[in-house]
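Trainee: Below: one structure in structure tokens.
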Amino acid sequence: MREVTSGAGRAGRRPEKTAAGGGPGYNPRVSQSIKIAGGGLSGLATAVLLARQGVEVEVYDRHRGGGGRFTGGWQVLENESRELDALAELRAIGLAPDFPAIPATRALFLDGSERRFEVASAAPYAYFVRRGGAEGSLDSWLRRLALGAGVVLREGVAAPPDADVIASGPRQADGVARELVFTSDLPDTVAVLFDPAITPTGYAYLFCLGGHATFGVAQVRRVRRLAAAREAAWRRFREVLGEFDVRDGNEHGQFMNFSLPRHLRGEDGRWHVGEEAGVQDFLFGLGNRLALRSAGLAAAGIAGRWDGAAFRSTLLRPMRTTVALRFVYERMGRRAFAAFCSRASRGDFRRFLIRLQRPDAAKDAIARLVMAAWRERHGCRHTPLCVWCRERES
Ligand SMILES: Cc1cc2nc3c(=O)[nH]c(=O)nc-3n(C[C@H](O)[C@H](O)[C@H](O)COP(=O)(O)OP(=O)(O)OC[C@H]3O[C@@H](n4cnc5c(N)ncnc54)[C@H](O)[C@@H]3O)c2cc1C
């Protein structure tokens with residue numbers, strides 16, 4: 001076990017007693033000191049926000065050095081689900097975003113009929129960020145903030161059973177992915193393949209920025225075909241982008257969680273954040289921004305300022321909307337994907353996605369119908385907070 005502290009910030013700071021807020025039926029949990037299970041995005045962000053309010057915080061992570069399950073690949077901090085810029089949102093939460101983030105305003109979409117579509121936006125539709133323990137990653141930024149706030153990091157150990165906040169990532173495979181992280185001579189490229197014949201219910205991507213590349217495939221259904229999808233998608237990218245070097249490759253499988261939580265605090269007073277709570281976008285599996293948002297909501301709740309209205313409007317309703325969008329996505333054939341790519345390439349891509357994902361009464365109605373049809377009826381492995389999840393694939 002390794003204990004990492006900044007050596008500063010803790011001395012002389014006597015935390016005040018703070019009671020957790022919450023809806024009726026919740027037992028307030030008095031929090032002079034807090035143990036957090038999981039030092040990924042949501043766990044570290046919660047830790048930073050609490051430590052700055054004088055709470056003594058310990059974060060337990062079974063991986064050493066930060067970055068958890070990620071090994072240095074590119075991910076996006078999406079900037080297309082709402083008008084508010086993702087970096088401005090982090091500032092508003094209290095997490096100054098001083099990490100390397102590459103704004104993305106262009107991408108190449110490939111459809112199932114070998115056509116190419118260039119999409120573009122005036123403002124970034126996403127920020128590219130690195131994941132993993134290396135310097136410059138999103139994870140190392142939060143680790144630095146945590147140490148600066150006096151958080152004690154206990155690494156290389158499993159979380160204790162009495163942790164107050166659970167932030168340990170996915171609990172069951174609601175979707176699966178394979179990723180190859182490598183070094184390449186490929187010029188800067190952001191390419192996404194939407195071909196239901198290759199990646200049914202999913203998509204494939206190849207990002208290369210500054211010679212650092214990430215290729216991945218993700219699927220929610222027909223997951224046994226993931227290996228075949230990986231091969232076919234790789235071939236397609238090779239055909240379209242031409243020959244390129246693949247050096248220092250590191251390939252690994254991953255899984256992801258999606259379930260709708262009724263609250264971020266369970267009946268036992270524990271808080272759940274990030275993907276462990278099911279918090280993730282069900283359409284594309286983008287969970288970074290929502291994980292950080294859930295940390296902001298939970299930290300406020302632990303400090304006695306739970307905002308149920310913000311939880312419903314900024315987390316629950318947008319997540320429910322993605323259930324409706326996923327239903328449509330899975331019913332799209334090759335032609336519909338071609339139409340989607342074509343439509344996305346005709347206007348401002350960010351504005352197109354914001355409109356697509358804006359919650360409204362029609363999407364709420366579709367989501368209600370889809371949730372009834374897809375509901376898991378045989379029990380799930382999600383947290384006790386789960387009020388809805390999709391039936392697992394048999
Ligand atoms: C291949 C892949 C690509 C993705 N790409 C994107 C993307 O481009 N954009 C996006 O927004 N989202 C993406 N996501 C989703 C995103 O990574 C997650 O939503 C986000 O990391 C969730 O943060 P978290 O804090 O909940 O969990 P994590 O970041 O997974 O952190 C969980 C932490 O808990 C630790 N842990 C687990 N169990 C224990 C235990 N028992 N004891 C102690 N520690 C434990 C782990 O080591 C880890 O550090 C991707 C996911 C995958 C799998």
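Trainee: Kindly provide the set of residues from region 40-78 that are basic (K, R) and either under 20 Å from the mean Cα position of the chain (by Cα) or within 9 Å of the ligand (Cβ to nearest atom) (or both), ordered by number.
Mentor: Answer for region 40-78, where residues must be basic (K, R) and either under 20 Å from the mean Cα position of the chain (by Cα) or within 9 Å of the ligand (Cβ to nearest atom) (or both): R62, R69.
Trainee: Pick out the one residue from V165, V119, V176, V192 that is within 26 Å of R293 (Cβ to Cβ) and more than 22 Å from the chain's Cα centre (by Cα).
Mentor: Of the residues listed, the single one that is within 26 Å of R293 (Cβ to Cβ) and more than 22 Å from the chain's Cα centre (by Cα) is V119.
Quick grid of which residues meet (1) in contact with a strand residue (DSSP E or B) (Cβ under 7 Å, 6 or more places away or on another chain); (2) more than 30 Å from Y205 (Cα to Cα):
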position: S259; (1), (2): yes, no
position: R262; (1), (2): yes, yes
position: D268; (1), (2): no, yes
position: D281; (1), (2): no, no
position: S294; (1), (2): no, no
position: I302; (1), (2): yes, yes
position: F327; (1), (2): no, no
position: S345; (1), (2): yes, no
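Trainee: Shifting gears a bit: Whether any residue in region 13-22 is in the same structural domain as D281 (by TED's automatic domain parsing), within 18 Å of V279 (Cβ to Cβ) and at pLDDT 90 or above is what I want to check.
Mentor: For region 13-22, residues in the same structural domain as D281 (by TED's automatic domain parsing), within 18 Å of V279 (Cβ to Cβ) and at pLDDT 90 or above: absent.
Trainee: Further question: Taking the condition of being modelled with pLDDT of 95 or more and within 10 Å of the ligand (Cβ to nearest atom), how many residues in region 256-277 meet it?
Mentor: So the count comes out to 7.
Trainee: Being under 30 Å from R317 (Cα atoms) and of a type in the set (A, V, I, L, M, F, W, C): is that true of F128 here?
Mentor: Here the answer is yes, as F128 does meet what is asked.
Trainee: Residue check, L292 against (1) assigned to a loop (DSSP other than H, G, I, E, B); (2) buried (at least 22 other Cβ atoms within 10 Å of the Cβ), all met but one. Which one?
Mentor: It is condition (1) that L292 fails.
Trainee: With the condition kept exactly as written, say whether any residue in region 221-232 is modelled with pLDDT of 95 or more, of a type in the set (A, V, I, L, M, F, W, C) and in contact with an Asp or Glu (Cβ under 9 Å, 6 or more places away or on another chain).
Mentor: yes
Trainee: Going by what's in this entry, would V217 be described as outside any loop (DSSP other than H, G, I, E, B), touching a Lys or Arg at 6+ places or on another chain (Cβ under 6 Å) and β-branched (V, I, T)?
Mentor: Yes: the conditions hold for V217.
Trainee: Consider D185 against the criteria (1) within 15 Å of the ligand (Cβ to nearest atom); (2) over 17 Å from the mean Cα position of the chain (by Cα); (3) modelled with pLDDT of 95 or more: it satisfies all of them except one. Which criterion is unmet?
Mentor: With respect to (1) within 15 Å of the ligand (Cβ to nearest atom); (2) over 17 Å from the mean Cα position of the chain (by Cα); (3) modelled with pLDDT of 95 or more, D185 is out only on (1).
Trainee: Which of the following residues is surrounded by fewer than 20 Cβ atoms within 10 Å (Cβ to Cβ) and in contact with a His (Cβ under 9 Å, 6 or more places away or on another chain): G156, G136?
Mentor: Within the list G156, G136, the selection yields G156.
Conditions (1) without any contact (Cβ under 8 Å) to a residue 40 or more places away in the chain; (2) at positive phi; (3) in contact with a strand residue (DSSP E or B) (Cβ under 8 Å, 6 or more places away or on another chain), marked per residue:
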| site | (1), (2), (3) |
| --- | --- |
| G68 | no, yes, yes |
| N79 | no, no, yes |
| D85 | yes, no, no |
| L95 | no, no, no |
| F109 | no, no, yes |
| F117 | no, no, yes |
| A122 | no, no, yes |
| F128 | no, no, yes |
| A134 | no, no, no |
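The values are calculated or read from the model by the stated rules, or taken from the named source; none is laboratory data. Remember, it's a predicted structure, so these values are computed and weren't measured experimentally. Note that we place each Cβ from the backbone using ideal geometry, even for glycine, and neighbour counts take in every protein chain shown.
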